[in-house]
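Chemist: If you scroll down you'll find the structure; I have some questions about it.
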Amino acid sequence: QVQLVESGGGLVQAGGSLRLSCAASGRTFSSYYMGWFRQAPGKEREFGAAISGGGSSTYYADSVKGRFTISRDNAKNTVYLQMNSLKPEDTAVYYCNAAQTRAGVVAGSGYWGQGTQVTVSS
């Protein structure tokens, strides 16, 4: 029902910034909560941020709060993750998720993209 494609990953120096994008298929994009997760080598997949369908409500994990910002452009069927003050521990594959509720996003339910690699060097 929903196909998600992440982009924008790459290699960046510590302290730098990246903006990730997640493009969604379909015409019901605005009805979904959207979220970003990451999975570092040897670690479990970790929730990072979520945003409501209309973009008015956001929710962040403590690990990224104050550094990362989630936003969306429903006219473009796209959700973004602006990542500032990047640290080497932010190195991970970043995944986009779509679910019907915030709880569903945080729990990792719903649809997933294939991920985009973010590498932060010292």
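Chemist: What are the residues in the stretch 94-122 that are polar (S, T, N, Q) and touching a Gly at 6+ places or on another chain (Cβ under 8 Å), if any?
Modeler: 97, 100, 116, 117, 119
Chemist: Return the residue satisfying two criteria in turn: it lies in the stretch 54-87 and is outside any strand (DSSP E or B), aliphatic (A, V, I, L, M) and open to solvent by less than 60 Å² (accessible area, probe 1.4 Å), and of such residues it is farthest from residue 13 (Cα to Cα).
Modeler: 61
Chemist: Now for a separate question. Taking the stretch 12-26 as the search range and keeping residues that are hydrophobic (A, V, I, L, M, F, W, C) and closer than 22 Å to residue 2 by Cα, which one is surrounded by the most Cβ atoms within 10 Å (Cβ to Cβ)?
Modeler: Among those that are hydrophobic (A, V, I, L, M, F, W, C) and closer than 22 Å to residue 2 by Cα, it is 22.
Chemist: Related question: Within the stretch 27-47, track down each residue that is open to solvent by 20 Å² or more (accessible area, probe 1.4 Å), within 26 Å of residue 75 (Cα to Cα) and under 11 Å from the mean Cα position of the chain (by Cα).
Modeler: Selection gives 38, 47.
The values are calculated or read from the model by the stated rules, or taken from the named source; none is laboratory data. Predicted model, so just to flag it, every value in this text is computed and none were measured. Note that each Cβ is placed from the backbone with ideal geometry, even for glycine, and that neighbours are counted across all protein chains shown. For accessibility, only protein heavy atoms count, side chains too; no ligands or nucleic acids. Shrake-Rupley method; radii C 1.70, N 1.55, O 1.52, S 1.80 Å.
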